[in-house]
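Everything below concerns the one structure shown next.
The values are calculated or read from the model by the stated rules, or taken from the named source; none is laboratory data. Remember, predicted model here, so these are calculated numbers, not experimental data. Note that each Cβ is placed from the backbone with ideal geometry, even for glycine, and that neighbours are counted across all protein chains shown.
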């Protein structure tokens, strides 16, 4: 075999690409892994505050967004969170559960990168970092030919593991989408996901002073509902509950925030209805005081002694507390997004192998595909599952 010929070329040395390369290499395939970055798996390194939320104990297909919600089932069944947990335990990586089934390294995200690097080494994977791909074509024999800054390579199978558009500062590009389009595959609409939401100028003025304040809420949009912390920022709102709902949100839609989830605002206000307490002081029993003051002012509600407020006003206020409508002006974009929603249309791919239906030998894995998980390790699990599946087939 010619020195520049391989069984498989994988473009993208992130979570999915490394998993795919290791799996393919260990089954005897001659694998070349290419990446335009000089650094390996930067998204893993910075994830989870540097400790990598590498999977979740509660992986379910229903916790993934896609134009075809059933697409993820096959890959998740072929390689589950328990399979990845076995892998990290075999490498001696210790970990802990944080909240809601989220698993993090005890030490550092670098341990996950080192683990994948070691697995690739075991599979004799050849790697070329800092490699720019100039063009991709098919030879008369049906092989994929890549002209790169490191020379020309060809392979029987080509795997696209280039990720999405999120976090351009660490090298995100639309290369994978353009390659899919070159081969006639459809791309579903793209948008930032797991991203902070912004307020318009008036709301920024009203709530900007609360920047840094967090509050447990339930964010609801259609059938989607997430009860976690919200964090006020100078530009709008963030925090886990907001990041989760952002993947479902479309411009112009209104999100309902329950500011007192699991409690009853009607009872809280009616119990103090005839007292001399000011309304803000009653709400300060369940909220930070400065949030109570700011929120009431934004609603145009009088911060008067409770006995001066009529029952109808208090009832309306209680309803508002449990369903405060916010209409974000936008998001903070791909710069702050953890993932990209949308991608290579799953109708173009086999759910069992992730190979393009009309281009034999062309595979797509990870974030470049129209599959987006919830916050909390779901997207890394999709990377491991899809990478493993393709590594076993390419």
Q) Would a scan of region 201-216 turn up a residue that is closer than 30 Å to residue 370 by Cβ and either surrounded by fewer than 21 Cβ atoms within 10 Å (Cβ to Cβ) or touching a residue at least 12 places away in the same chain (Cβ under 8 Å) (or both)? A) no
Q.
I'm trying to understand the selection: among the residues of region 348-367, which are assigned to a helix (DSSP H, G or I) and over 14 Å from residue 43 (Cα atoms)?
A. 348
Q: Just name the residue that is farthest from residue 209 (Cα to Cα) out of those in region 239-253 that are crowded, with 19+ Cβ neighbours inside 10 Å and without any contact (Cβ under 8 Å) to a residue 60 or more places away in the chain.
A: 245
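So which of 68, 58 ends up being within 24 Å of residue 160 (Cα to Cα) and either modelled with pLDDT of 95 or more or not assigned by TED's automatic domain parsing to the domain that holds residue 239 (or both)?
Details: 58 fails: within 24 Å of residue 160 (Cα to Cα).
Going through 68, 58 in turn, just one is within 24 Å of residue 160 (Cα to Cα) and either modelled with pLDDT of 95 or more or not assigned by TED's automatic domain parsing to the domain that holds residue 239 (or both): 68.
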Q: Could you list, in sequence order, all residues of region 88-109 that are part of a strand (DSSP E or B) and surrounded by 14 or more Cβ atoms within 10 Å (Cβ to Cβ)?
A: 95, 102, 103, 104, 105
Q: Return the only residue of 356, 383 being closer than 19 Å to residue 136 by Cβ and in contact with a helix residue (DSSP H, G or I) (Cβ under 7 Å, 6 or more places away or on another chain).
A: 356
Q: Residue by residue through region 254-282, note down the ones that are touching a residue at least 24 places away in the same chain (Cβ under 8 Å), outside any loop (DSSP other than H, G, I, E, B) and over 23 Å from residue 197 (Cβ atoms).
A: 265, 266, 268, 269, 270, 278, 279, 282
Q: State all residues of region 267-311 that are out of contact with any strand residue (DSSP E or B) (no Cβ under 9 Å at 6 or more places or on another chain), more than 28 Å from residue 211 (Cα to Cα) and surrounded by fewer than 16 Cβ atoms within 10 Å (Cβ to Cβ); if no residue qualifies, say none.
A: 267, 270, 271, 273, 274, 307, 308, 310, 311
Q) If you check every pair at least six apart or on different chains, which have Cβ atoms under 7 Å apart with a residue in region 291-309 that is without any contact (Cβ under 8 Å) to a residue 24 or more places away in the chain first and a residue that is surrounded by 14 or more Cβ atoms within 10 Å (Cβ to Cβ) and in a loop (DSSP other than H, G, I, E, B) second? A) 292/284; 293/303; 296/303
Q: Taking the options 112, 85, name whichever one is part of a helix (DSSP H, G or I) and in contact with a helix residue (DSSP H, G or I) (Cβ under 8 Å, 6 or more places away or on another chain).
A: 112
(Q) under 21 Å from residue 162 (Cα atoms), outside any loop (DSSP other than H, G, I, E, B), outside the structural domain of residue 225 (by TED's automatic domain parsing) and under 21 Å from the mean Cα position of the chain (by Cα): is that true of residue 25 in this structure? (A) no
**Q.** Count of residues meeting criterion [in contact (Cβ under 8 Å) with a residue 12 or more places away in the chain and in contact with a strand residue (DSSP E or B) (Cβ under 6 Å, 6 or more places away or on another chain)] in region 111-160
**A.** 27
